[in-house]
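Beneath this line is the structure, given in structure tokens, with notes to follow.
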């Protein structure tokens, strides 16, 4: 690949990672809703007649409920990591790029090929920005995707244990 092709490639990756980041954020709605629902379900579980359980079932009830709560907290941790995570970098703003271009024009004004030097420097700056920002975004998005996956798994496990705790609390009435 020549530098022109690499520039186009890095630019494409940069915008792809920006779209990927938005997709990850949009996928965070479901685990958040499930976590809120599970917290509400805990109120239902705790409002059952678990006090009528025998000692062995009471221990199992509280142990399973505690495991469920621990997994919910773990899911909340991964949710927060997926939502916040590490900071991405963005390419230079058009205003800053234009200011820098004006500075370069003033600096190279005495040179014969001033415009071509400034154009080459601006292109080099954008090339490096696309390369650096796309790399950082790729690493951050990979981490956010992994955190979203672990969040989903922890919420599923938490929900399962909450349902088991509810079943244990309802066991004597079955």
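The values are calculated or read from the model by the stated rules, or taken from the named source; none is laboratory data. What you see is a predicted model; the values in this text were computed from it and never measured. Positions of Cβ are backbone-derived with ideal geometry, glycine not excepted, and every protein chain shown enters the neighbour counts.
What to note about this one:
- Being under 30 Å from residue 169 (Cβ atoms), surrounded by fewer than 17 Cβ atoms within 10 Å (Cβ to Cβ) and modelled with pLDDT of 95 or more is a description that applies to residue 66.
- If the condition is being part of a helix (DSSP H, G or I), free of Cβ contacts under 8 Å to residues at least 60 places away in the same chain and either in contact with a strand residue (DSSP E or B) (Cβ under 6 Å, 6 or more places away or on another chain) or more than 21 Å from residue 76 (Cβ to Cβ) (or both), then region 143-174 contributes only 167.
- Test: residue in region 62-74 that is within 30 Å of residue 17 (Cβ to Cβ) and in contact with a helix residue (DSSP H, G or I) (Cβ under 7 Å, 6 or more places away or on another chain): yes
- Among residues of region 111-133 that are at negative phi and part of a loop (DSSP other than H, G, I, E, B), those with a beta-carbon under 9 Å from a residue that is surrounded by 15 or more Cβ atoms within 10 Å (Cβ to Cβ) and at pLDDT 90 or above at least six positions away or on a different chain give the pairs 111/117.
- For region 69-99, residues that are over 23 Å from the mean Cα position of the chain (by Cα) and either free of Cβ contacts under 8 Å to residues at least 24 places away in the same chain or within 30 Å of residue 149 (Cβ to Cβ) (or both) total 6.
- Positions within region 1-15 being touching a residue at least 40 places away in the same chain (Cβ under 8 Å) and within 21 Å of the chain's Cα centre (by Cα), in sequence order: 13, 14
- Any chance residue 137 is within 26 Å of residue 4 (Cβ to Cβ) and in contact with a helix residue (DSSP H, G or I) (Cβ under 8 Å, 6 or more places away or on another chain): yes
- Test: residue in region 34-42 that is closer than 30 Å to residue 168 by Cα, within 16 Å of the chain's Cα centre (by Cα) and surrounded by 17 or more Cβ atoms within 10 Å (Cβ to Cβ): no
- Just one of (1) within 29 Å of residue 162 (Cβ to Cβ); (2) modelled with pLDDT of 90 or more; (3) exposed (fewer than 11 other Cβ atoms within 10 Å of the Cβ) fails for residue 51. It is (2).
- Only a single criterion out of (1) more than 17 Å from residue 28 (Cα to Cα); (2) in contact (Cβ under 8 Å) with a residue 12 or more places away in the chain; (3) assigned to a helix (DSSP H, G or I) is not satisfied by residue 140, namely (1).
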